[in-house]
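Notes follow the structure.
The values are calculated or read from the model by the stated rules, or taken from the named source; none is laboratory data. None of the values given here were measured: they were computed from a predicted structure. Every residue, glycine among them, receives a Cβ derived from its backbone with ideal geometry; neighbour counts consider all protein chains shown. Heads up: the accessible areas ignore ligands, DNA and RNA and are worked out on the full protein's heavy atoms, side chains in. Shrake-Rupley method; radii C 1.70, N 1.55, O 1.52, S 1.80 Å.
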Amino acid sequence: ALVRRLKQALRQNQELFLETIKTLAAAIDAKDPYTRGHSERVSSYSMAISRHLGLKQEEVFRIHIAAILHDVGKLGIKDGILNKPGGLSDEEYDEMRRHPSIGAQIMSPIRMLKDNIPGIRYHHETWAGNGYPDRLKGDQIPMVARIIGVADTFDAMTTTRPYQQAMTLDYVLAKMHSMSGSRFDPLVIDAFQAAVEAGDISPPSRESQLPAPSEVS
């Protein structure tokens with residue numbers, strides 16, 4: 001009976017933890033109505049890629065949390081930059097590039113999220129070493145960040161933003177494959193392709209991407 005009660009308490013704590021994380025992610029996405037649901041989709045895609053890489057369930061769960069929180073640093077970026085239609089100035093782009101390190105700084109005091117910090121901080125690093133914030137290269141980049149980077153790019157390309165229309169799936173797949181070995185880990189791209197072919201990853205419908213009138217007024 002004691003073991004049963006402990007298991008129940010652990011499950012309840014985990015559910016509360018997940019709900020708290022998802023609420024925070026919703027607050028992040030709410031800063032920009034055009035990215036509504038972005039964090040949840042990136043998390044879903046990341047878990048699918050992780051499973052096709054054959055990662056253990058505990059690792060998949062850690063990636064799930066890190067992916068939900070990958071953009072938490074955008075809470076520290078001005079709304080005028082996040083919501084700006086069209087391209088950013090060099091100064092604005094430099095500010096936007098700070099969000100991974102800001103996110104890691106926000107989450108670092110939370111001991112329970114220690115293992116999730118690498119996915120938050122390094123998801124914009126690239127395989128060739130010209131990413132940010134630390135210009136890590138190849139295997140220096142934690143696997144969680146490599147996975148989130150692929151999932152994040154896929155969602156950015158397949159959703160409508162103020163500065164672009166959603167691209168077709170065939171175009172996105174071809175484009176991402178062309179960046180295998182330069183921007184992305186080829187192993188992660190192979191797992192991503194396998195997840196797409198298995199139906200575990202698919203872009204959101206056009207209708208689901210449209211913000212409500214009150215959100216864009």
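Condition check ((1) modelled with pLDDT of 90 or more; (2) on the phi > 0 side of the Ramachandran plot; (3) of a type in the set (Lys, Arg); (4) surrounded by 14 or more Cβ atoms within 10 Å (Cβ to Cβ)) across all residues:
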| residue | (1), (2), (3), (4) |
| --- | --- |
| Ile49 | yes, no, no, yes |
| Gly54 | yes, yes, no, no |
| Glu59 | yes, no, no, yes |
| Ile63 | yes, no, no, yes |
| Asp71 | yes, no, no, yes |
| Asp79 | no, no, no, no |
| Asp90 | yes, no, no, no |
| Tyr93 | yes, no, no, no |
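The residue pairs whose first member lies in segment 170-181 and is open to solvent by less than 40 Å² (accessible area, probe 1.4 Å), whose second member is part of a loop (DSSP other than H, G, I, E, B), and whose beta carbons are closer than 6 Å, counting only pairs six or more residues apart or on different chains, are Val172/Thr158. Out of the residues in segment 112-133 meeting the condition of being in contact with a Pro (Cβ under 9 Å, 6 or more places away or on another chain) and assigned to a loop (DSSP other than H, G, I, E, B), tell me which one is farthest from Gln14 (Cα to Cα). Step by step, filter segment 112-133, then rank; the result is Trp127. Here Gly86 fulfils each of the conditions (1) more than 29 Å from Arg51 (Cα to Cα); (2) surrounded by 12 or more Cβ atoms within 10 Å (Cβ to Cβ) apart from (2).
Number of residues in segment 120-152 that are out of contact with any Gly (no Cβ under 9 Å at 6 or more places or on another chain) and either closer than 13 Å to Arg183 by Cβ or surrounded by 20 or more Cβ atoms within 10 Å (Cβ to Cβ) (or both): the value is 6. Within segment 31-57, being in a loop (DSSP other than H, G, I, E, B) and either over 16 Å from His70 (Cβ atoms) or among the basic types (Lys, Arg) (or both) holds for Lys31, Arg36, Leu53, Gly54, Leu55, Lys56.
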